[in-house]
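Trainee: So that we are looking at the same thing, I have put the structure below in structure tokens.
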Amino acid sequence: QEDLREGRVLFRHRGADSARFVLFVTDGVHYTSSLLEVSVSDPYIRVVNNTGLLVQRGKDSSLTTANLSVTTNQDVRTDHEVEFRIVQLPKHGRVLVSSSAPGSFSMHDLKQGCVIYRHDGSGSFDMFNLTVRVKDTHLYVGVYVQVDSESHQHHTRILHSKTLVVEEGKPVKL
């Protein structure tokens, strides 16, 4: 298990475009086996999600893996090996990264919350383009930014605040 967790298990392709083999697992007492199938493909990077950003006018919004993430079939040992480079800057804001060179960041930076979009107060829509690079494979990605003015924000107002006791599995009227 530790070998898998530490990334020390690697399938090296030699020969046919697909293979299968039986994988045995034991804890020293119990044994189990499973058929592991491997299909070979060209190196790729794919977008897992790209929700874009929602930012209030003139404010900051964090770009994280909840907004943007990719996957690859390449041998990536750390999140630093998945690199994002800004190829088209936003028109109504700036992308700030605390731990990388200007204009670039890594998957590690996204996971750590180090990538910020700072809106300049103008426009109601923005976008910027990135190149994602893993080894010799590249992918172009556009990130859309929706600007929401504070006047459209509805703040929650609490009218009554009382404790309600509910027994497990029982309905209660509010």
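The values are calculated or read from the model by the stated rules, or taken from the named source; none is laboratory data. Computed from a prediction, not measured in an experiment: that's the story for all the values here. Cβ placement follows ideal geometry from the backbone for every residue including glycine, while neighbour counts extend to all protein chains displayed. Ligands, DNA and RNA are stripped out before the accessible areas are found, and what is left, the full protein with its side chains, is counted by its heavy atoms. Shrake-Rupley method; radii C 1.70, N 1.55, O 1.52, S 1.80 Å.
Trainee: Would you mind calculating the gained length between PHE125 and LYS173 on full extension (0.36 nm times residue separation, minus the Cα-Cα distance), in nm to one decimal?
Mentor: 12.9 nm is the gain from fully extending PHE125 to LYS173.
Trainee: Same structure again: Between VAL141 and THR78, 0.36 nm times their residue separation minus their Cα-Cα distance comes to what? Intermediate results must be reported in sequence, preceding the final value.
Mentor: Values: separation 63, 0.36 × 63 = 22.68 nm, distance 2.11 nm.
Using 0.36 nm per residue and subtracting the Cα-Cα distance, I get 20.6 nm.
Trainee: Right, another one. For each pair in LYS111/LYS135; LYS59/LYS162; LYS91/LYS111, compute the distance between the two Cα atoms and list the pairs where it is over 23 Å.
Mentor: Working: LYS111/LYS135 20 Å; LYS59/LYS162 35 Å; LYS91/LYS111 25 Å.
Over 23 Å apart, Cα to Cα: LYS59/LYS162; LYS91/LYS111.
Trainee: Here's something else I'd like to know. Among TYR117, TYR44, TYR31, which one moves the most in a GNM of the chain with springs linking Cα atoms closer than 10 Å?
Mentor: Of TYR117, TYR44, TYR31, the most mobile in the Gaussian network model is TYR31.
Trainee: For THR163, what accessible surface area do you get with a 1.4 Å probe? Give it in Å², rounded to 10.
Mentor: Its heavy atoms expose roughly 130 Å² to the probe.
Trainee: Now, a different point. Below 8 Å between Cα atoms, with a sequence gap of 6+, how large is the relative contact order for the chain in percent?
Mentor: Details: 296 pairs, mean separation 35.8, N = 174.
Result for the chain is 21 percent.
Trainee: Let me ask something else. Of the heavy-atom accessible surface of segment 1-146 (probe 1.4 angstrom), what whole percent is carbon and sulfur?
Mentor: Numbers: 4760 of 9590 Å².
It is 50 percent, rounded to a whole number.
Trainee: Another question, then. With a 1.4 Å probe and all protein chains in place, put LYS91, LYS135 in order of accessible area, largest first. Walk me through the intermediate numbers first.
Mentor: Details: LYS91 150, LYS135 90 Å².
The residues order as LYS91, LYS135, largest area first.
Trainee: I want the antiparallel fraction of DSSP beta bridges within the chain, as a percent rounded to 5. Each step should come with its number before you reach the end.
Mentor: Values: 41 of 45 bridges.
Antiparallel bridges: around 90 percent, rounded to the nearest 5.
Trainee: Put a dot 7 Å past each Cα toward the Cβ at ASP17 and VAL48; how far apart are the dots in nm?
Mentor: 2.7
Trainee: Ignoring ligands, DNA and RNA, what accessible area per residue does the chain give at 1.4 Å, in Å²?
Mentor: Working: 12880 Å² over 174 residues.
Each residue of the chain exposes 74 Å² on average to a 1.4 Å probe.
Trainee: Suppose accessible area is computed on protein heavy atoms with a 1.4 Å probe; arrange HIS13, HIS92 from highest to lowest. Can you show the working numbers first?
Mentor: Working: HIS13 90, HIS92 50 Å².
Result of the area sort, largest leading: HIS13, HIS92.
Trainee: Another one. Could you compute how much accessible surface ARG8 exposes when probed at 1.4 Å, giving the result in Å² to the nearest 10?
Mentor: 130
Trainee: When a/c is below 1.5 the answer is rounded, else prolate if a/b is larger than b/c, else oblate, so apply that to segment 15-76 with a ≥ b ≥ c taken from the square roots of the Cα gyration tensor eigenvalues.
Mentor: Values: a/c = 5.28, a/b = 2.12, b/c = 2.50.
Note, shape of segment 15-76 comes out oblate.
Trainee: With a 1.4 Å probe and all protein chains kept in place, how much accessible area does MET127 have, in Å² rounded to the nearest 10?
Mentor: Roll a 1.4 Å probe over it and MET127 shows about 50 Å².
Trainee: What length, rounded to one decimal in nm, is gained on full extension from HIS30 through to LYS91, with 0.36 nm per residue of separation minus their alpha-carbon distance? Before the final figure, lay out the partial values.
Mentor: On the way: separation 61, 0.36 × 61 = 21.96 nm, distance 6.00 nm.
Contour length minus Cα-Cα distance gives 16.0 nm.
Trainee: The list [x] 123; [y] 230; [z] 240 gives values of volume of the Cα convex hull per residue in Å³, and only one came from this structure; which label was calculated from it?
Mentor: The value computed from this structure is option [z].
Trainee: Roughly what would the spin-label model give for SER104 and ASP60, points 7 Å off Cα along C-beta, in nm?
Mentor: 2.3
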